[in-house]
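Chemist: Below is one structure. I have some questions about it.
The values are calculated or read from the model by the stated rules, or taken from the named source; none is laboratory data. All values reported here derive from a predicted model rather than from experimental measurement. Neighbour counts are summed over all protein chains in view; Cβ atoms, including those assigned to glycine, are modelled from backbone coordinates with ideal geometry.
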Amino acid sequence: MTISVLICDDSGFARRQMARSIPDGWDVSISFAENGKEAIELIRQGKGDVMFLDLNMPVMDGYETMEVVRAEDLPTMVIVVSGDVQAEARARMKALGALDFIRKPIDNQKLVKILRQYGLYSGDGSAENRETDIPESGSSEKTEADVLDAFREMANVAMGQAGEKLAQLLGEFIDLPIPNVNLIETPELHMAIAEVKSNDSVSAVSQGFISAGINGEALLIFNDANTSSMIELLKYQLTAANQELELEALLDVSNILIGACLNALSDQLYVKFSHTHPIVLGRHCDLDELLSRNVSRWNKVLAIEIGYAIKSHGIQFDLLLLFPDNAMELMFEKLVQTG
């Protein structure tokens, strides 16, 4: 009997990657949804016996989708496929009725193990011919939107792994956004940053990275108003001067987030990045001034903005991953090879 499988993810790149991991021998019909609202409608139409559900999506995210599934007792078995792998995210989704939780980027072996565990499929695990069953495969011509979507999914995976590391360090749930990804002229970089207000006083740490053909810079930007709350969460011994503690907090959080993000990028791009030492770019300064002073050497940049938040403490800060536009083609080729 054919099982209807629904893949719900706002990224077309991620939807195709998920579909390609489904075993050839599993008799399924595949449908796609870009957000939870679309997914709920398809389940009501009988097109979601099994749903693979992302967490961070516009319109209706994974948590909201599961709340509707449970409230209406909809006939679907949900497996979460997400870049957010925090323990609290897992616990929240399982409490809402999700069967299990798979870390992105998904691969065929991970998926088959889960399917066998829940009695959904017990056959051969190979997935070499699934491409023909993916309605979204379409033309081989890729638009700029396709390229940016692939980079957004790359950032989503890196963001989730970094968020998990920070959550472990602080013992707090880290709210993760949908990454903002833009290809822009350097003078317009500040306009791409949605979560940081240019009139706020900020402090920032920079760390460069490079491999064969791919280089970039990571910037961690703190709103100075959040610093005391972060020091409190880090449970520092309050023996040093306040400015020393602020600097220590800035460097500790940047080491965790930038390090985890770069490791995740390395895994996805199959490269090994060499890192420079972190540098404090500015303390208590204007964001526009900081950006114009430090990234003006590139004419165009691929800018990935991730606005982390710890809502229970009112803390928000931004991680920017900046790549010169001449690195984009090679990055996309490497992502497509794995996706």
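Chemist: Would you tally the residues in the range 250-283 being over 20 Å from the mean Cα position of the chain (by Cα), in a helix (DSSP H, G or I) and farther than 11 Å from Leu220 by Cβ?
Modeler: The qualifying residues number 0.
Chemist: Does the range 43-51 include one or more residues that are in contact with a strand residue (DSSP E or B) (Cβ under 6 Å, 6 or more places away or on another chain), under 26 Å from Asp267 (Cα atoms) and among the β-branched types (Val, Ile, Thr)? Walk me through how you get there before you give the answer.
Modeler: Step one: list which residues in the range 43-51 are in contact with a strand residue (DSSP E or B) (Cβ under 6 Å, 6 or more places away or on another chain), which gives 47-51.
From what is left, the residues that are under 26 Å from Asp267 (Cα atoms) are none.
The answer is no; no qualifying residue exists.
Chemist: Now for a separate question. Could we say that Leu247 is in the same structural domain as Ser266 (by TED's automatic domain parsing) and closer than 30 Å to Lys334 by Cβ here? So that I can check it myself, show each step before the final result.
Modeler: Working: in the same structural domain as Ser266 (by TED's automatic domain parsing): yes; closer than 30 Å to Lys334 by Cβ: no.
Judged against the criteria, Leu247 is not a match.
Chemist: Moving on to the next point. Scanning for something modelled with pLDDT of 90 or more, assigned to a strand (DSSP E or B) and of a type in the set (Asp, Glu), does the range 297-315 turn up at least one residue?
Modeler: Within the range 297-315, one or more residues are modelled with pLDDT of 90 or more, assigned to a strand (DSSP E or B) and of a type in the set (Asp, Glu).
Chemist: Let me ask something additional. Could you check how many residues of the range 70-85 are modelled with pLDDT of 95 or more and touching a Lys or Arg at 6+ places or on another chain (Cβ under 9 Å)? Walk me through how you get there before you give the answer.
Modeler: If we filter the range 70-85 for residues that are modelled with pLDDT of 95 or more, which is where we start, we get 70-82.
If we keep only those that are touching a Lys or Arg at 6+ places or on another chain (Cβ under 9 Å) too, we end up with 72, 74, 80-82.
Looking only at that region, the number is 5.
Chemist: Can you say whether Ala19 is among the aliphatic types (A, V, I, L, M) and surrounded by fewer than 18 Cβ atoms within 10 Å (Cβ to Cβ), as far as the supplied structure shows? Give the derivation first.
Modeler: Working: among the aliphatic types (A, V, I, L, M): yes; surrounded by fewer than 18 Cβ atoms within 10 Å (Cβ to Cβ): no.
Spelling it out, it is not the case that Ala19 is among the aliphatic types (A, V, I, L, M) and surrounded by fewer than 18 Cβ atoms within 10 Å (Cβ to Cβ).
Chemist: Can you tell me which residues in the range 207-225 are surrounded by fewer than 18 Cβ atoms within 10 Å (Cβ to Cβ) and either part of a loop (DSSP other than H, G, I, E, B) or in contact with a strand residue (DSSP E or B) (Cβ under 6 Å, 6 or more places away or on another chain) (or both)?
Modeler: Correct list: Gly208, Ile210, Ala212, Gly213, Asp224.
Chemist: Can you pull out the residues in the range 208-257 that are under 19 Å from Thr186 (Cα atoms) and in contact with a His (Cβ under 6 Å, 6 or more places away or on another chain)? So that I can check it myself, show each step before the final result.
Modeler: First pass over the range 208-257, keeping only residues under 19 Å from Thr186 (Cα atoms): 208-209, 214-221.
Listed by number, the list holds a single entry, Phe209.
Chemist: Taking only pairs six or more apart or across chains, which ones have beta-carbon atoms under 9 Å, a first residue in the range 39-56 that is of a type in the set (S, T, N, Q), and a second residue that is surrounded by fewer than 21 Cβ atoms within 10 Å (Cβ to Cβ)?
Modeler: These pairs meet every condition: Gln45/Ser31; Asn56/Pro177; Asn56/Ile178.
Chemist: Separate question: Please work out which residue is modelled with the lowest pLDDT, limiting yourself to the range 184-240 and to residues that are of a type in the set (Gly, Ala, Ser) and farther than 24 Å from Leu262 by Cβ.
Modeler: Ser198
Chemist: Same structure again: Hey, can you tell me all the residues within the range 230-258 that are surrounded by 15 or more Cβ atoms within 10 Å (Cβ to Cβ) and of a type in the set (Ser, Thr, Tyr)?
Modeler: Within the range 230-258, Tyr236, Ser254 qualify.
Chemist: I need a count of the residues in the range 319-339 that are at pLDDT 90 or above and over 16 Å from Leu148 (Cβ atoms).
Modeler: 1
Chemist: What are the residues in the range 90-108 that are part of a loop (DSSP other than H, G, I, E, B) and modelled with pLDDT of 95 or more, if any?
Modeler: Narrowing the range 90-108 to residues part of a loop (DSSP other than H, G, I, E, B): 96-99, 104-107.
Scanning the range 90-108 gives Leu96, Gly97, Ala98, Leu99.
Chemist: I need every pair where a residue in the range 109-128 that is assigned to a loop (DSSP other than H, G, I, E, B) has its Cβ under 6 Å from the Cβ of a residue that is among the acidic types (Asp, Glu), sequence separation at least 6 or different chains.
Modeler: Ser126/Asp24; Ala127/Asp24
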